[in-house]
1. What pairs come up if the first residue lies in region A:111-122 and is more than 7 Å from chain C (Cβ to nearest Cβ), the second is in a helix (DSSP H, G or I), and their beta carbons are under 6 Å apart, counting only those six or more places apart or on different chains?
2. From B:ALA274, B:ALA320, which residue is out of contact with any Asp or Glu (no Cβ under 9 Å at 6 or more places or on another chain) and either assigned by TED's automatic domain parsing to the domain that holds B:ILE30 or under 24 Å from B:LYS92 (Cβ atoms) (or both)?
3. What is the number of the single condition among (1) within 15 Å of B:VAL223 (Cβ to Cβ); (2) of a type in the set (Gly, Ala, Ser); (3) buried (at least 17 other Cβ atoms within 10 Å of the Cβ) that B:ALA151 does not meet?
4. Filtering region B:191-214 down to residues that are more than 25 Å from the chain's Cα centre (by Cα) and either of a type in the set (D, E, K, R) or under 11 Å from B:ILE338 (Cα atoms) (or both), which residue is surrounded by the fewest Cβ atoms within 10 Å (Cβ to Cβ)?
5. Search region B:303-316 for residues being touching a Phe, Trp or Tyr at 6+ places or on another chain (Cβ under 9 Å) and surrounded by 16 or more Cβ atoms within 10 Å (Cβ to Cβ), and hand back the single one that is nearest to C:LEU250 (Cα to Cα).
6. If you go through region C:209-264, how many residues are more than 7 Å from chain A (Cβ to nearest Cβ), part of a loop (DSSP other than H, G, I, E, B), on the phi < 0 side of the Ramachandran plot and hydrophobic (A, V, I, L, M, F, W, C)?
7. Which condition breaks for B:TYR82 when tested against (1) at the interface with another protein chain (Cβ under 10 Å from one of its Cβ atoms); (2) aromatic (Phe, Trp, Tyr); (3) closer than 25 Å to B:ALA324 by Cβ?
8. Go through (1) within 29 Å of B:GLN86 (Cα to Cα); (2) more than 8 Å from chain A (Cβ to nearest Cβ); (3) in contact with a helix residue (DSSP H, G or I) (Cβ under 9 Å, 6 or more places away or on another chain) and name the single condition C:LEU81 misses.
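The values are calculated or read from the model by the stated rules, or taken from the named source; none is laboratory data. Owing to the predicted nature of the structure, the values given are computational and were not obtained by experimental measurement. Cβ sites come from the backbone with ideal geometry, for glycine too, and all protein chains shown count toward neighbours.
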Amino acid sequence: MKARGLLSGAYVALVLGFLMLPVAVVVLASFSTTSFLTIPPQGVTLRWYGRVLESPEYLHAIRVSLSLAAAATVGALAIGTAASYALVRRVVPGRTLVASLVMSPLVFPGLVIGVALLQLYAALGMAGSFVGLWLAHMVITVPYVIRTTLASLAGLDAELEDAACTLGATRLSAFMLVTLPLLRPGLAAGGLFAFITSFDNVPVSIFLTGVASTTLPVKIFTAIEFGVDPSVAAISSLLILATGLTLLLAERWIGFSRFT
Amino acid sequence: MRIRGCLGVAALLGVAPLAAPGAQELNVAIFGGSFVDNVRTCVVEPFQRASGARVNFVLGNSVQNAARLRATRGRPDVDLAYMDSQVAVQVKAEGLLDQVDAAKLTNLPDIYPSAVDPDRRWIGYMYAATAIAYNPRELRTPPQAWADLWAPGLRGKLALGDISATSGQHFLIAAARLNGGSVENVEPGFRAIRELRPHVVTLYTQADQVVQLIERGDIAAAVWFSDRVGAAARNGVPVALVFPREGAIGILPTFSIPQGARSKDLAEQYMDRALSVDSQRCLAERQYAGPTNRKVELPEALAALVPYRESIDRLYFPPAEIVAQSLPAWTDRWNREIAR
Amino acid sequence: MAERRQDPTALLLLLPLSLLLLAAFVLPVAGLVPTSLRPYIAGRGIGEGWTLQHYVLALTDAFYLEVLARTIGLGLTVTMLTLLIGYPLAYILARSTSPFRHWLTLLVIFPMLLNLVVRTFGWIALLARRGLVNQWLIGLGITDEPIRLMFNFTGLLIGLTHIFLPVMVLVLLAVIQNIPVDVEDAAATLGASRVNVFANVVLPMSAPGILAGSILVFVLTVSALVTPRLLGGPTYKVVSTLVYEQFLQLLNWPAGSALALLMTAIVLLLLWLGARLARRWEAGA
């Protein structure tokens, strides 16, 4: 038993090490005194962090990206969960086909979606609007939610809900009080993917960002063309820090044991 | 879940634009990174002070900006777009660009005529060049000509631009001209580059990659952009510039006003500001951009690093229309013969 | 359970999704179909008239077919790799009783929070000819010459596996956690060996997760753009970088649209076949 425990521990450490390697590299690079991104870093300075924290454009871009990702995630969770439920619990003709087709926004090249949507939006006079961007982001995030909730729902016993109904609950409250809590891992995973996809997205967003709402990843991506300085690494490190703290606080208040 | 919902709604309300862009706003599609920072200092700030209008930037490279114009045909969401000349001529051919009112541009007469579209649909605001960059710490006898890049001494230490980068296209043209060809007949260029390919360390697609390559010691020389060399050297990268003897290849970045732009008047004022002596000198100092306004005076040290006055004549500017028309065929051939 | 009549609730639940996809995906993409059938004149723009040349080229040209095969091959390999590496990790985390379990899960999520572009830069620094990995290998005396780890299949494989491993792990984790430990214990009590318990109880019960994770990772790998652009470079192209080239370097939207539509159709077909197979496997098991 001990050996197995050690083996498991070693395996986890190895894989996590692999996962953290580029993260460590980038965080180190953010301290470099050189004006270009270099690893291992030469010298140590907090100059880039200062520059990022003072830059109004970076801060505005972060705000836009955060609100966009939040809005897209909420929408995707609502729409996706409803659809998954229908696909699993209800009779829908061509279920497998529908489930596969729903993946198409992920398969189809994002930048082509962006260009096509820009054409549509421009014709409708809503080019560059936040709503337009929100719709586009929901399109590319809802497949995640559907996939993860489908997987979760498939593993759940349908009779649990039926039992609740037999005991007098309405369909809706049976869903809210019985199924939904059991779906938490699937919702958490789907919601997380949705948020990260939206927050990280470049190909779709690059054409749909309006004049007032450049998103953070687009800003970083376009910066590459004209010189990547360590402030890019700095902002990424700050984001990791902020997210880590948020997750920590969320764990304290909400408790992850409810989600994982 | 509920918290997220509230946040979402609040965020939507907070960030959605509350007012449509008015007549006092100018939307510009421009290249990102340090370029836009320098333009902000040299052009936008004086422009905003003088006109009271606000400038909003949408970031993208030449082709991305062109794609935006094409997708929003007739109802563009920008009033001004920055594009390199070979992209601008294509966009013009698609009927997407408006004609600039010469009366509104007080600085136009001072601009070199070759930098201005005869139809006034695009105007060049700076000169740059595809030239040779090298690490002076590694090479005691630096290459002085395009031909020197085939020398055995540089084998395994050279980087070239991919065909997708302007420097790749330009090097193809340079190699063709070197071996008896021309921009219309690049066959000798392909042959020569094929010969060189096994000794090339990498084909870069992003201009910034060269900095990393030099810094890590992977290369000692590269075909690169003159303005990048200056900016990198100022940031401490060990790199120096050589305008090759046979002639560096000239680059003409331009800006244009799309058809149907909402604030054409403001856009013309912005152009005029960008073409003024002060803004041009400022950009030369910060971005190592060669001025297109012939009245600009530059100190000697800077003049050696940028295309300026006589050195402009030594540059070869490939006809933009021919480059635009040939690019797909070049790219296709490059993908199969060189990039593999 | 075999009610075949129309189910109004189901249709109502599917309505928002249908509206969203129709308005913001199907409609604009359908608008690209006519574009894909037009000729393109370099230097002039999109031409008049109709042609199938872009589709024909994509399906018959050796170069395009090579890139297509390479993309699918990469997708399958990355999926398998993330599954092989990720499943044990997900299982260990799901079954762990350690108080650090949540923190470890957080560590799995962490790399996903790092901006994709910058993450790829991290890999470039590690995999370059004089990057950290080669430095370590040479320093430890394992090799004399630096190994080529970038601009080829290997580099892309490592980078993509790294990026999508958390996705696979999280999906599997969510599903494995829903398998009650009692089921495993029950099987063990009945005399099944650990291997038997795993193969005949856990594995089949986590099949939906394996399917979901595999589909996600495959799709994401095949449509990834930023990482192949930076780690594959111009020498190692995949379909998405070809589409990028057509759309944003050559402005050849007809060819780009044709390629995008073709690629989507092929991948969806593969997904559908895969799902059908999995369903049959599930039913048969």
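1. Partner pairs satisfying both residue conditions: A:GLY114/A:PHE207; A:GLY114/A:LEU208; A:LEU118/A:PHE207; A:LEU118/B:ALA71; A:TYR121/A:GLY132.
2. Numbers: B:ALA320 fails: out of contact with any Asp or Glu (no Cβ under 9 Å at 6 or more places or on another chain).
Result of the check over B:ALA274, B:ALA320: B:ALA274.
3. (3)
4. In this case the residue turns out to be B:PRO198.
5. It comes out as B:LEU315.
6. Residues flagged as more than 7 Å from chain A (Cβ to nearest Cβ), part of a loop (DSSP other than H, G, I, E, B), on the phi < 0 side of the Ramachandran plot and hydrophobic (A, V, I, L, M, F, W, C) within region C:209-264 amount to 3.
7. That leaves (1) as the condition not met.
8. Condition not satisfied by C:LEU81: (1).
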